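What follows is calculated from the coordinates using simple rules that are stated; it is not laboratory data. All values derive from a computational prediction rather than experimental measurement. Reconstructed Cβ throughout: ideal geometry from the backbone, glycine too, with neighbour counts over all protein chains shown.
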Amino acid sequence: MFNIWVDADSCPLQVRQIILRFAQRLTIQVKYVANRQIPTDKSNLCTMILCDDAPDAADNYIVEHIGSDDLAITRDIPLAKRLVDKQIITMNDRGLLFTDQNIAQKLALRNLHLELVESGIPIEKTGSYSKKDLNMFANCLDRELQKKIRKQQTDVK
């Protein structure tokens, strides 16, 4: 069976609750990775992996330990790029599936925003996390998990 890997540093509580519901319903292991303790529900399906405070320590841990059949959830665009390059199914907490077709554009936009902020130019912030975002995430997660389950069932035959 595959695992769900969560870049947990900035993962909203509502998203963690949805992930746990899917994990319990489908009996899937969830690996939360962060450089600080993140409140998680006590479940034998969930593991909290603490990394040191070094830059990108959690990202590096995920990239080094994720399996080719696993699924990743992150807001971190550079991490998403690394995972997409490894052909890992990767999504953000708003239901955006990162793909070979969109990751370069997302990374370029992220880098442009970073340069603007570093130059002192304010940029428009992403809106607050909404119920619509949560629903889009749940739908995306369900769709991708069902694809993985169907693929595993056909691989076994």
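Of all residues in the stretch 65-84, which are assigned to a helix (DSSP H, G or I) and either within 28 Å of residue 146 (Cβ to Cβ) or in contact with a Cys (Cβ under 9 Å, 6 or more places away or on another chain) (or both)? Steps first, answer last, please.
Of the stretch 65-84, the ones assigned to a helix (DSSP H, G or I) are 65, 77-84.
Those that are assigned to a helix (DSSP H, G or I) and either within 28 Å of residue 146 (Cβ to Cβ) or in contact with a Cys (Cβ under 9 Å, 6 or more places away or on another chain) (or both): 65, 77, 79, 80, 81, 82, 83, 84.
Taking the condition of being of a type outside the set (Asp, Glu), part of a helix (DSSP H, G or I) and over 20 Å from residue 23 (Cα atoms), how many residues in the stretch 132-157 meet it? Step through it out loud before you land on a result.
Step one: list which residues in the stretch 132-157 are of a type outside the set (Asp, Glu), which gives 132, 134-141, 143, 145-154, 156-157.
When the remaining residues are screened for being part of a helix (DSSP H, G or I), the result is 132, 134-141, 143, 145-154, 156.
In the following step, the residues that additionally are over 20 Å from residue 23 (Cα atoms) were identified as 132, 154, 156.
Total satisfying the criteria: 3.
For a quick check of your reading of the model, give me the residue pairs whose first member lies in the stretch 77-92 and is polar (S, T, N, Q), whose second is assigned to a helix (DSSP H, G or I), with beta-carbon atoms closer than 8 Å and at least 6 apart or on different chains.
Within 8 Å, the pairs are 90/80; 90/83; 90/84; 92/80; 92/137.
Taking only pairs six or more apart or across chains, which ones have beta-carbon atoms under 7 Å, a first residue in the stretch 101-126 that is surrounded by 11 or more Cβ atoms within 10 Å (Cβ to Cβ), and a second residue that is of a type in the set (D, E, K, R)?
Every condition considered, the pairs that remain are 103/81; 107/81.
For residues that are outside any strand (DSSP E or B) and not polar (S, T, N, Q), scanning just the stretch 19-32, find the one that is nearest to residue 91 (Cα to Cα). Spell out how you get there, then give the answer.
Keep residues of the stretch 19-32 that are outside any strand (DSSP E or B), which gives 19-28.
Those still in the list that are not polar (S, T, N, Q) too: 19-23, 25-26, 28.
Details: 19: 12, 20: 16, 21: 17, 22: 15, 23: 16, 25: 20, 26: 19, 28: 17 Å.
Across the stretch 19-32, the extreme among qualifying residues is 19.
Can you find a residue that is of a type outside the set (A, V, I, L, M, F, W, C), surrounded by 16 or more Cβ atoms within 10 Å (Cβ to Cβ) and more than 19 Å from residue 80 (Cβ to Cβ) anywhere in the stretch 43-56?
Applying the first criterion (of a type outside the set (A, V, I, L, M, F, W, C)) to the stretch 43-56 yields 43-44, 47, 52-53, 55-56.
Imposing the further condition that a residue be surrounded by 16 or more Cβ atoms within 10 Å (Cβ to Cβ) reduces the set to none.
Checked against the condition, which is being of a type outside the set (A, V, I, L, M, F, W, C), surrounded by 16 or more Cβ atoms within 10 Å (Cβ to Cβ) and more than 19 Å from residue 80 (Cβ to Cβ), the stretch 43-56 yields no hits at all.
Would you check which residues across the stretch 33-64 are in contact (Cβ under 8 Å) with a residue 24 or more places away in the chain and assigned to a helix (DSSP H, G or I) and list them? Show your work before the answer.
Residues of the stretch 33-64 that are in contact (Cβ under 8 Å) with a residue 24 or more places away in the chain, as a first pass: 33-36, 38-41, 45-46, 48, 58-59, 61-62.
Selection gives 58, 59, 61, 62.
Sort through 85, 155, 76 and tell me the only one that's over 22 Å from residue 60 (Cα atoms) and of a type outside the set (Ser, Thr, Tyr).
Of the residues listed, the single one that is over 22 Å from residue 60 (Cα atoms) and of a type outside the set (Ser, Thr, Tyr) is 155.
Taking the stretch 80-113 as the search range and keeping residues that are over 11 Å from the mean Cα position of the chain (by Cα) and basic (Lys, Arg), which one is farthest from residue 12 (Cα to Cα)? If you could, list the steps in order and put the result at the bottom.
The initial filter retains those residues of the stretch 80-113 that are over 11 Å from the mean Cα position of the chain (by Cα), namely 81-82, 84-87, 99-113.
Right, trim to basic (Lys, Arg) and you get 81-82, 86, 106, 110.
Numbers: 81: 21, 82: 22, 86: 25, 106: 21, 110: 20 Å.
Residue satisfying both the conditions and the ranking: 86.
Is it true that some residue in the stretch 57-79 is in contact with a Pro (Cβ under 7 Å, 6 or more places away or on another chain) and either under 19 Å from residue 11 (Cα atoms) or surrounded by fewer than 11 Cβ atoms within 10 Å (Cβ to Cβ) (or both)?
So the first thing to find is which residues in the stretch 57-79 are in contact with a Pro (Cβ under 7 Å, 6 or more places away or on another chain), and the list is none.
Checked the stretch 57-79: no residue is in contact with a Pro (Cβ under 7 Å, 6 or more places away or on another chain) and either under 19 Å from residue 11 (Cα atoms) or surrounded by fewer than 11 Cβ atoms within 10 Å (Cβ to Cβ) (or both).
It is to be established whether one or more residues within the stretch 123-131 are within 25 Å of residue 14 (Cβ to Cβ) and part of a helix (DSSP H, G or I).
Scanning the stretch 123-131, I find at least one residue that is within 25 Å of residue 14 (Cβ to Cβ) and part of a helix (DSSP H, G or I), so the answer is yes.
Do we have residue 87 as over 29 Å from residue 27 (Cβ atoms) and loosely packed, with under 15 Cβ neighbours inside 10 Å here?
Working: over 29 Å from residue 27 (Cβ atoms): no; loosely packed, with under 15 Cβ neighbours inside 10 Å: yes.
For residue 87, the condition - over 29 Å from residue 27 (Cβ atoms) and loosely packed, with under 15 Cβ neighbours inside 10 Å - is not met.
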